[in-house]
Amino acid sequence: MIKNWQSWFILFLLTFLTGCAVNPVTGRSELALMDIPVEQEVALGQQAYGQAVQTMGNVYPDQALNGYVNKVGQRVAQQSHRPELKYTFTVVNDSSPNAFALPGGYIAISRGLLINLENEAQLAAVLGHEVGHVTARHSVQGMQRGTLLNATVGALGSLAGEGYGQLVSQVGGVTASLIDKRYSREQERESDWLGIDYMVQAGYAPQGAVELQEIFYRKIEGGKNPDWLSGLFRSHPFSKERMETNQAYVQQKYSSRSGFGLDKRSYQQAIAPLLETEDAYALYDQARELEAKGQLNEAIATYHKAMQEAPEQGLLLSALGMAYLRNEDLVPARRYLLKAVAADDSYYQSRMGLGYIYLQNKDPRKAAEHLEASLKLAPTIQAAYLLGEAEEASGDVAKARQLYQAVAEADRQGKLGQAAAAKLQRLEQ
């Protein structure tokens, strides 16, 4: 993690020169509003990646599965146009079928997508496609065209300050904009072909890429699986034409490579533990829908059913604890959130929930411990506001003032921002 954000921001400003940047895939010079050096590309991806993983349920708690996905990803990435990057491949604990790539080589695939794949070659095709977005610098191209320029400058400007100004980056939407960035058809086609080239060079059967496209088509045909449209295909537009184009590409370029490996056995062994929790997470998804409808008691009962299926899953424990918290039942909320943190102390929502409970129980120092941990994992205005209250209750008025100031600036029109501004005004009287 880059510690001196002020130096980074100054360097970033120095790149705002109209000129030409070389595309590492095509080798061609491209007109650029700003040419972002590799070091800053990696720093931006790193900053956004941690927050993105947190908002998608954190890393799936299976070290072996994450290791397997990383091994496949690294094997493919080493065949890319930018093998010198330090690629990161992570499984996120999200039910929506999804995969995304951030600048600098930060790539994730969701639990929901993994359970729909059948072999290692299909996984290599997904990861190769995302590596293609990185090597062609598609996210950076979007920034160069100005689509993220204002948001990025605003967020990095806040990072240049001291203290808790970094929470503005969450409100500024840089991470969300990078994750939800809709690629053009040309970018998707380029990443498809790059991914196929990379996976074949890594020793995988190009048939895996063909099979992957066929899975996609079956899932979205007739709109029968809307979760796919709201997940993977929200940012990666798909069509029958795209599938047929890729089939033609494989036939034309790799017709003699059909004997390469698909490796179904290794893949099925790797995801076997994931499939064991599939029913539990189906109940978890039902409970979340009930919560969204305001049916808290029904949601809590459904979370308990999910817990019975997979009692050690930290995300399920956290969701149950937070549901009790929203139902203003602090005793069971504290019990399950403590279990959630014991199972996985690196999820921001569990730590924020516990911080709120300790604050309500008049234990501001314990509250501050969890709220600071939450802020480090994902800088949110909610945790910053609560930490301000904890510091004020502990007598550290200067720190409370700093936090309220950050929240007031980050959420000027929101309830928390206005509440923070009122508290700040009172403290300054």
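The values are calculated or read from the model by the stated rules, or taken from the named source; none is laboratory data. Note that this is a predicted model, so its numbers are computed, not measured. Ideal geometry is used to build each Cβ from the backbone, glycine not excepted, and the neighbour counts take in all protein chains shown.
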Failed condition for A406, given (1) part of a helix (DSSP H, G or I); (2) under 29 Å from L320 (Cα atoms): (2)
Six or more apart or on different chains, Cβ atoms under 8 Å: show the pairs whose first residue is in the stretch 239-268 and within 19 Å of I215 (Cβ to Cβ) and crowded, with 16+ Cβ neighbours inside 10 Å and whose second is at pLDDT below 90 and hydrophobic (A, V, I, L, M, F, W, C). M243/F216
Would it be correct to say that K362 is outside any loop (DSSP other than H, G, I, E, B) and not aromatic (F, W, Y)? no
What is the residue count in the stretch 365-403 for residues that are crowded, with 21+ Cβ neighbours inside 10 Å and not in a helix (DSSP H, G or I)? 3
Are any residues in the stretch 396-429 within 29 Å of the chain's Cα centre (by Cα) and of a type in the set (D, E, K, R), and if so, which ones? E409, D411, R412, K415
Does the stretch 369-387 contain any residue that is β-branched (V, I, T) and at pLDDT 95 or above? no
Provide a single number: the residues in the stretch 312-329 that are modelled with pLDDT of 95 or more, outside any helix (DSSP H, G or I) and closer than 19 Å to S346 by Cα. 1
